[in-house]
Amino acid sequence: MKNAKDRISSLLDPNSFVELGARVTARSTDFNPGAKKAPSDGVVTGYGLIDNHLIYIYAQDPSVLGGSIGEMHAKKIIALYKLAISTGAPILGLLDSIGLRLEEGTDALHAFAGIYQIMSKASGLIPQMSVVYGKCGGGLALIPSLSDFTFMAKDAELFVNSPNALTGNVETNNDTSLAQAKATSGNVDFVGDETEIIDEIHKLMAVLPANNEDHRILADMDDLNRSSENTDIDPKLICQDLADSHVFLETKQAYAKDMITGLLRLGGHTTAIIANNDSSLTSNGCRKATRLVRFADAFDLPIITLTNVNSFATNLAEEDTIALAAAELAEAFADATCPKINVIIQEAMGSAYAVMNPQADFTMAFPDAKLGMMAADLAAKIVADKDDNLSEVTKSYDSLQNSIEMACERGYIDQIIEPIDLRRHLIGALEVLYSKRKNFQRKHATI
């Protein structure tokens, strides 16, 4: 088992780590008057570089009192957060702890509550990342959910309630704390071994802004004018094909697979991308997309949607939740002031389409795409008279109400583009939208 400093060293550029608070120890409280000398109070904190990008980092040390969270342990993390916020740099937590230190009671609990508060204040100001390397239970399990991105080792455990404490649960058959369970429930973005996690963190750091005012555009060796190589409508393949150097970082990839979300660079611009992987919207898919929309807008990252949707999921369980989840996604898109581009790659039908970024700054569509109220064969059964030829009405409705050409004539589509040209059109749109602002303030008119 690696200790905290080894884990930090494996992530950071060589010799770049500077430790802070190395001599902090637990203070005496009611139940531990002879407080044990715990090096760094079980957590190593400091800053360093990942590929020359500044990052603040803390790592719980399970070899010191099980990595338990005492008063000073929590206060060290809070102090590190304050530095990260004030200097505008990302923060990364390496979690491996048996939980709150019982001997310190309310002193530990009060300090620990401060971690929730400072993480909430940091949200939308700096990117927050967590890695679950070992045990992460009870209240500590909220830290990954308060983070923007969470990684989890295959043999780690993440739980609010231990699996054997859940009524009716059999731990050997349904270990709710395991990495795969947490990935499929949307709590974790990526699961892998330590080497794979390090690789993914480096990829993520390459695309993340340092803070919400960092608008740097990185030069990329990829040809800005290269044609898209994938002309299929498989959304994941499109995302990979669009990305500079084909590097697409999918988020929450095991969760709500009907919706694909992730980050990529496009002509040097860090961009969020959301794509329907199924023609029906589900509650979890909407929640997954909402989370990325809110992150992207907080950091003023452009959002691209690859739209192919014609309905809401139809079953009893979805009926209880889909209206609220879809409303949250619609509100997130409407509230977002960052650059927004919508690409209709196949279908955009009915009120489900009205959830998927319909009021984007630019709307593009593939030539064979459809945009309308409902599928023509269903609409024909409603609008046709009893003496009408149903197939003729279907054909007429499709051409008059669902065609992309019609949508262009009415101003709902800005461009019809070939799939092979998608990358260069998107890069061009991002360049135009780079200067987009929520409000331009005028001193006075010039007349």
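The values are calculated or read from the model by the stated rules, or taken from the named source; none is laboratory data. Since we're looking at a predicted model, the values are computed, not measured. Here Cβ is always computed from backbone atoms with ideal geometry, including for glycine, and neighbour counts include all displayed protein chains. The protein model used for the area step is the full one, side chains on, heavy atoms only, and it has no ligands, DNA or RNA in it. Shrake-Rupley method; radii C 1.70, N 1.55, O 1.52, S 1.80 Å.
Do we find that residue 388 is at pLDDT 90 or above and over 23 Å from residue 258 (Cβ atoms) in this structure?
No; evaluated as a whole, the condition is false for this residue.
Report, by residue number, each residue of region 408-439 that is open to solvent by less than 20 Å² (accessible area, probe 1.4 Å) and over 18 Å from residue 302 (Cα atoms).
413, 417
If you go through region 283-298 one residue at a time, do you hit one that is in a loop (DSSP other than H, G, I, E, B) and over 18 Å from residue 123 (Cβ atoms)?
The answer is no; no qualifying residue exists.
Only one of 281, 301 is out of contact with any Ser or Thr (no Cβ under 6 Å at 6 or more places or on another chain) and open to solvent by less than 20 Å² (accessible area, probe 1.4 Å). Can you tell me which?
281
Hey, can you tell me all the residues within region 112-141 that are open to solvent by less than 20 Å² (accessible area, probe 1.4 Å) and not in a helix (DSSP H, G or I)?
Within region 112-141, 124, 126, 127, 128, 129, 130, 131, 132, 133, 134, 136, 137 qualify.
Of the conditions (1) closer than 20 Å to residue 302 by Cβ; (2) free of Cβ contacts under 8 Å to residues at least 60 places away in the same chain; (3) assigned to a strand (DSSP E or B), residue 345 clears all except one; give me its number.
Exception for residue 345: condition (2).
So which residues in region 306-343 are surrounded by 19 or more Cβ atoms within 10 Å (Cβ to Cβ) and β-branched (Val, Ile, Thr), if there are any at all?
Residues satisfying the conditions are 307, 309, 322, 341, 343.
Listed here are the residues, each with its yes/no results for (1) more than 14 Å from the chain's Cα centre (by Cα); (2) closer than 30 Å to residue 178 by Cβ; (3) not hydrophobic (A, V, I, L, M, F, W, C).
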site	(1), (2), (3)
236	yes, yes, yes
240	yes, yes, yes
266	yes, no, no
275	no, yes, no
297	no, no, yes
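From the list 221, 205, exactly one residue is among the hydrophobic types (A, V, I, L, M, F, W, C) and over 16 Å from the mean Cα position of the chain (by Cα). Which is it?
It is 221.
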